[in-house]
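Please treat every number below as a calculation from the coordinates, not as lab data. These figures come from a predicted structure and were not determined experimentally. Because the Cβ atoms are built from the backbone with ideal geometry, glycine has one as well, and the counts that use them run over all protein chains shown.
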Amino acid sequence: MPSPVYLFTGPEFGERNDAVQSVKTAMKKKFGQVDEYLYYASETGFGDVITTLQSESLFVPAACIVLRGAELIKGKDDIALLASWIASVSPSAKNPSPKDTSVLILVSDEISIDQKIEKIIPKENRRIFWEMFENRKSEWLQGFFRKNGYRISPDAVSSILDLVENNTEALRSECSRFFLCFSAEHEITEKDVDNVLAHNREESAFSLFDAMARMNEKPEKRLENALDILQKISLSKNSSSVMILAGLTSCFRRLAVWHAVHAEGGCDDFTLKTKGFASQKARNQYAAAARIWSSGQTAAITALLSSTDMAIRSGGASSEDTLLQMMLYAIIIKNGSFCAVYE
């Protein structure tokens with residue numbers, strides 16, 4: 001019987017989400033109906049997750065829990081809870097046929113999580129989803145359009161990769177817009193990309209980080225652009241301060257990894273790839289960010305993001321916009337320092 005716990009990590013969100021869906025599909029095929037839960041480690045206590053796993057529904061035969069932000073699970077008691085649950089649903093001499101109706105999928109944007117957790121998850125159930133290499137992204141895009149009955153020019157491919165966050169989830173979402181605008185067999189050109197994407201791009205925490213990290217712009221200009229993007233995100237249907245803070249935290253944690261790699265002298269191509277910086281775009285972005293924020297400032301910014309998250313949760317929606325704006329000011333103008341005065 002396969003183990004009921006999986007660990008999917010890494011920055012390639014599209015393929016990672018496909019793997020999560022594959023587990024869910026296999027469960028539905030086996031049980032017919034499955035209760036699906038999505039939790040965030042920053043919001044939900046791990047004890048509550050285990051309680052849900054151990055609870056049985058009278059109407060649905062199986063349950064699948066996806067826990068995002070698994071890198072935050074570090075507590076000794078939480079790890080012991082996980083180990084105990086895995087042991088209770090794994091075959092043993094006393095219990096050769098345990099129930100297999102609940103599955104836990106741990107997900108993280110980081111490359112790895114606490115080693116104590118990784119050790120108790122079977123190797124075959126652990127997978128790192130690396131960012132695609134540049135040539136793979138181009139091939140993936142061309143194949144995506146071809147499967148949907150469209151052609152795309154090389155210049156259009158390059159423009160899309162410059163505009164869209166380079167993971168298959170973002171690429172799939174953004175490029176699906178072309179299918180609503182053009183009839184099948186149309187060749188997507190660079191002009192089409194400019195009309196469809198450049199002028200109608202949906203902003204996210206990642207495009208916000210990109211605007212914050214433009215080294216060639218003055219801090220005041222970067223703040224102006226960042227506040228504009230923040231406003232656009234706030235007005236979107238799926239606006240969430242939790243998602244904004246989680247996305248920015250992921251970016252600054254990657255920046256901390258970039259600083260650590262270069263401090264250790266491991267800036268060769270192989271090391272950068274293994275640390276999640278496979279694409280030239282990512283390397284350029286984080287090289288620019290590293291010139292703006294030092295390693296110490298990056299740590300201070302990560303702490304600031306965490307404190308802003310706690311302040312928003314305790315203060316409610318009324319102060320959300322103000323706290324996010326103050327946070328951006330502190331990061332861009334003061335390089336992560338808490339501000340007593342806002343100029």
Seminar exercise, completed: Site Ser173, offset 7 angstrom along Cα→Cβ, radius 18 Å on amide nitrogen, limited to the stretch 244-258, gives 244-252
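Expressed in nm to one decimal, what extension gain is obtained for the pair Ala256 and Phe144 from 0.36 nm per residue of sequence separation less their Cα-Cα distance?
Full extension from Ala256 to Phe144 adds 37.0 nm.
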Seminar exercise, completed: For the stretch 5-128, the percent of all C-alpha pairs falling in each 10 Å bin, from 0 up to the bin holding the max distance, is 12, 46, 36, 6, 0
For this session: Compute the acute angle (0 to 90°) between the alpha-carbon long axis of helix 295-315 and the principal axis of greatest extent of the alpha-carbon atoms of the chain; round to the nearest 10°.
Result: 70
Exercise. Quick one: helix 76-88 against the long Cα principal axis of the chain, what's the angle to the nearest 10°, folded into 0 to 90?
Worked result: 50
Problem set entry | Only Lys, Arg (+1) and Asp, Glu (-1) charged, at Cβ; the stretch 38-136 dipole about Cα centre in debye | 420
For this session: Sort all Cα-Cα distances of the stretch 205-332 into consecutive 10 angstrom bins from zero, then give the percent of pairs in each bin up to the one containing the longest distance.
Result: 12, 44, 31, 12, 1
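Which FRET efficiency value, to the nearest 0.05, is calculated for Glu187 and Arg136 with the Förster distance at 22 angstrom and r the Cβ-Cβ distance? Please list the in-between numbers first.
Details: r = 22 Å, r/R0 = 1.00.
The formula returns an efficiency of 0.50 here.
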Seminar exercise, completed: Dividing the mean separation of Cα pairs under 8 Å (6+ apart) by the residue count of the chain yields a relative contact order in percent of 17
Problem set entry | Farthest toward positive dipole pole in the stretch 273-320 [+1 Lys/Arg, -1 Asp/Glu at C-beta], among Ala303, Tyr286, Ser314 | Tyr286
Problem set entry | Cα long-axis angle, helix 134-147 against the chain (0 to 90 degrees, to the nearest 10) | 80
Seminar exercise, completed: Volume per residue (Å³) of the convex hull spanned by the alpha carbons of the chain is 172
Exercise. Lysines near Lys76 by alpha-carbon distance under 19 Å, same-chain residues fewer than 8 away left out - which ones?
Worked result: Lys116, Lys119
Problem set entry | Linear extension gain, Tyr40 paired with Gln115, 0.36 nm per residue minus alpha-carbon span | 25.0 nm
Exercise. Lys281: which lysines have alpha carbons under 28 Å from its alpha carbon, excluding same-chain residues fewer than 8 sequence positions away?
Worked result: Lys137, Lys147, Lys191, Lys218, Lys221, Lys232, Lys273, Lys334
Seminar exercise, completed: Computed about the Cα centre, the charge dipole of the chain from +1 Lys/Arg and -1 Asp/Glu charges at the Cβ has a magnitude in debye, to the nearest 20, of 760
Exercise. In nm, to one decimal, how far is the Ser318 label point from the Asp194 one, both placed 7 Å along Cα→Cβ?
Worked result: 4.8
Exercise. So which lysines pass the test for Lys28, namely a Cα distance under 24 Å, with those fewer than 8 places away in the same chain ruled out?
Worked result: Lys99, Lys123
